[in-house]
Amino acid sequence: MLKVVVVGAGQAGLSAAHHLRRRGLVPEEDFVVLDANPGPGGAWRHRWPSLTFGGAHGIHDLPGMPLGVPDPAEPASAVVTRYYGEYERRFELPVHRPVAVRRVESVSDGGPLDVVTDTGTWRTQLLINGTGTWDRPHWPYYPGRELFRGRQLHTHDFRSAQKFRGRHVVVVGGGTSAVQFLLQLDAAGATTTWVTRRPPQFTPRPFDAEWGRDVERRVDARTRAGLPTQSVVSATGLPLTPQYRAGIEAGVLVSAGPLREITAEGVRLADGREIRADAILWATGFRPALDHLAPLGLREPGGGIRTDGVRVLADPRVLLVGYGASASTLGATRAGRAAAREAVRGLGAGTSGPRALVPTARS
């Protein structure tokens, strides 16, 4: 019987594991971290190579070990994989991988939980879930999608803009990933059409700490009400950086409007225009990867999971990190700390309390 099982070794999961140790829980004896990936890095290890550290938004420090100042031209996936791996080693975090969690079941009302994986079952008093969204790419339905003769791919599957040189690509989606893809494709020699449901919301407001708190308040209001989470850009808008401003002036970052349907040769827009395309890139975001929690019946009639901070109101044995207001990397770090605090509080006696935690000399 473990006290805590942490699912996911991304920003939120590692932060939670760090603070569990700091609050007196013993690795392997009291808690473990289960991660489905073959190595460290969380969702970042899957990002496309052309996404550099300098071009990525929001890579924040983990507690107790600053990231430093990596080469901005290095792929973000390489930077974060190296950083997370070193973090796990230095703090001797009990990460088990690759371990895919299939489902979480209640042994008895209010009793322990069984975390059923592809390698066995772990029994625990509490669960900290930090599975993020990467494993649930969202493919919105449009009529005729199955008719298209070209290539269709999602952000989840994108690797290189160079493969589309000389091709016309329809990019669907109004978020940051769509904007970055459009600029990369243009630079690689592709032509593009940008399709969005609503006009892109570029904002000159600086993305500072006050902006972040404002976004978290708005997202938190939805999760407290039990409503499904929305895309980050719906709360943030798009930063009007000099690079993005140049893209607008060049006509690359100008939306052609909403999509009506897919045709065999391309797409038909809401205004009736038909666009021939060689590929459709669905930059349409992700949904929380929470299917393994379905046996616990956490969802509200509105479709979301009601939370108060990291606590799931329908089941006090489950803490959600990297969900709702903590879906950003900055929010995820804070959520990990909050989850560890709530876990120790829920466990009551039996932990030694906060203590100093410093990196080991291991490399």
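Odds and ends about this structure:
- Meets criteria (of a type in the set (G, A, S), at pLDDT 90 or above and at negative phi) for A361: no
Residue-by-condition table, conditions (1) touching a helix residue (DSSP H, G or I) at 6+ places or on another chain (Cβ under 6 Å); (2) assigned by TED's automatic domain parsing to the domain that holds L296; (3) of a type in the set (G, A, S); (4) assigned to a helix (DSSP H, G or I):
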{"residue": "Y84", "(1), (2), (3), (4)": "no, yes, no, yes"}
{"residue": "E88", "(1), (2), (3), (4)": "no, yes, no, yes"}
{"residue": "E92", "(1), (2), (3), (4)": "no, yes, no, no"}
{"residue": "E105", "(1), (2), (3), (4)": "yes, yes, no, no"}
{"residue": "S108", "(1), (2), (3), (4)": "no, yes, yes, no"}
{"residue": "D114", "(1), (2), (3), (4)": "no, yes, no, no"}
{"residue": "T121", "(1), (2), (3), (4)": "no, yes, no, no"}
{"residue": "I128", "(1), (2), (3), (4)": "yes, yes, no, no"}
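- Check on G166, at positive phi, in a loop (DSSP other than H, G, I, E, B) and at pLDDT below 70: no
- Residue in segment 20-33 that is part of a loop (DSSP other than H, G, I, E, B), closer than 30 Å to R159 by Cβ and in the same structural domain as P295 (by TED's automatic domain parsing) present: no
- Scanning segment 34-70 for residues that are closer than 15 Å to V95 by Cα and in a loop (DSSP other than H, G, I, E, B) gives D35, A36, N37, P38, G39, P40, G41.
- Condition check for Q184: surrounded by 22 or more Cβ atoms within 10 Å (Cβ to Cβ) and either of a type in the set (S, T, N, Q) or without any contact (Cβ under 8 Å) to a residue 40 or more places away in the chain (or both): no
- Annotation note: of A294, A283, A289, the sole residue that is in contact with a helix residue (DSSP H, G or I) (Cβ under 6 Å, 6 or more places away or on another chain) and either farther than 22 Å from V179 by Cα or buried (at least 19 other Cβ atoms within 10 Å of the Cβ) (or both) is A283.
- Just so you know, in segment 138-169 the residues that are closer than 19 Å to V252 by Cα and either touching an Asp or Glu at 6+ places or on another chain (Cβ under 9 Å) or of a type in the set (D, E, K, R) (or both) include one that is surrounded by the most Cβ atoms within 10 Å (Cβ to Cβ), and it is V169.
- Strands (runs of 3 or more DSSP E) within segment 264-340 that include 3 or more residues in contact (Cβ under 8 Å) with a residue 12 or more places away in the chain: 266-269, 279-282, 318-320
- For G175, the conditions (1) more than 30 Å from A335 (Cα to Cα); (2) surrounded by fewer than 21 Cβ atoms within 10 Å (Cβ to Cβ); (3) not β-branched (V, I, T) are fulfilled apart from (1).
The values are calculated or read from the model by the stated rules, or taken from the named source; none is laboratory data. As the structure is a computational prediction, the values presented were derived from the model and not from experiment. Ideal geometry is used to build each Cβ from the backbone, glycine not excepted, and the neighbour counts take in all protein chains shown.
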